[in-house]
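Comments concern the structure below.
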Amino acid sequence: MTINIIVAVCGPESAIGRAGDMLYHLRDDLRNFKALTMGFPVVMGRKTYESLPKRPLPGRLNVVITRNSDYDAGGAVVAGSLEAAIAACKDADKVFVIGGAQIYAEAMNIADRLIVTYIDAPVPADADTFFPRIDPVVWHEQTRTESLTDSATGLRYCIVEYTR
């Protein structure tokens, strides 16, 4: 099983969110997210799950990590830890960790691949959620797209894949 982290970050501090939502919604990058994750399990924390406009994400096993064993995830699998979430995906070739910050920080220790969308836009002053630092000793850039422009927002971005 390959454990993948997929994230969109902004600025040198790798901001990923504010007030429980993503900083920017890039329609083209969200299409890429869907294409990459479709048919594979997605693992996320409870707050990320609750921030989804459509729950659970269709066409994927959704695994929600929460300490609340009575949590009603409405069609998603509930797990008490990252390890339990990964175990719930034991039959999958790939698993995608999709947030939030605490889950990303834990998953950095076990992930095989990072798929990072770098958004070329100002970091809002009220950004309150950040992706962990990518250690260049551990993570090596494998591919990088050219600079792309989101068709809906006009924002520029590129997608970089890292492996251990």
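The values are calculated or read from the model by the stated rules, or taken from the named source; none is laboratory data. This is a predicted model, so every value here is computed, not measured. Note that we place each Cβ from the backbone using ideal geometry, even for glycine, and neighbour counts take in every protein chain shown. All accessible areas refer to the heavy atoms of the entire protein, side chains included, with ligands and DNA or RNA removed. Shrake-Rupley method; radii C 1.70, N 1.55, O 1.52, S 1.80 Å.
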Out of Phe33, Phe40, I need the residue that is open to solvent by less than 80 Å² (accessible area, probe 1.4 Å), assigned to a loop (DSSP other than H, G, I, E, B) and either touching a Phe, Trp or Tyr at 6+ places or on another chain (Cβ under 7 Å) or within 26 Å of Cys158 (Cβ to Cβ) (or both). Which one? Phe40
Among the candidates Ser14, Ser51, which residue alone is polar (S, T, N, Q) and on the phi > 0 side of the Ramachandran plot? Ser14
Restricting attention to segment 118-148, and to residues there that are free of Cβ contacts under 8 Å to residues at least 24 places away in the same chain and surrounded by 13 or more Cβ atoms within 10 Å (Cβ to Cβ), which single residue is farthest from His25 (Cα to Cα)? Glu141
From the list Val138, Val63, Val123, which residue is among the hydrophobic types (A, V, I, L, M, F, W, C), in a loop (DSSP other than H, G, I, E, B) and in contact with a Cys (Cβ under 8 Å, 6 or more places away or on another chain)? Val123
Within segment 105-117, count every residue that is in a loop (DSSP other than H, G, I, E, B) and open to solvent by 40 Å² or more (accessible area, probe 1.4 Å). 3
Would you confirm whether any residue within segment 65-84 is open to solvent by less than 70 Å² (accessible area, probe 1.4 Å), touching a Pro at 6+ places or on another chain (Cβ under 6 Å) and closer than 18 Å to Thr2 by Cβ? no
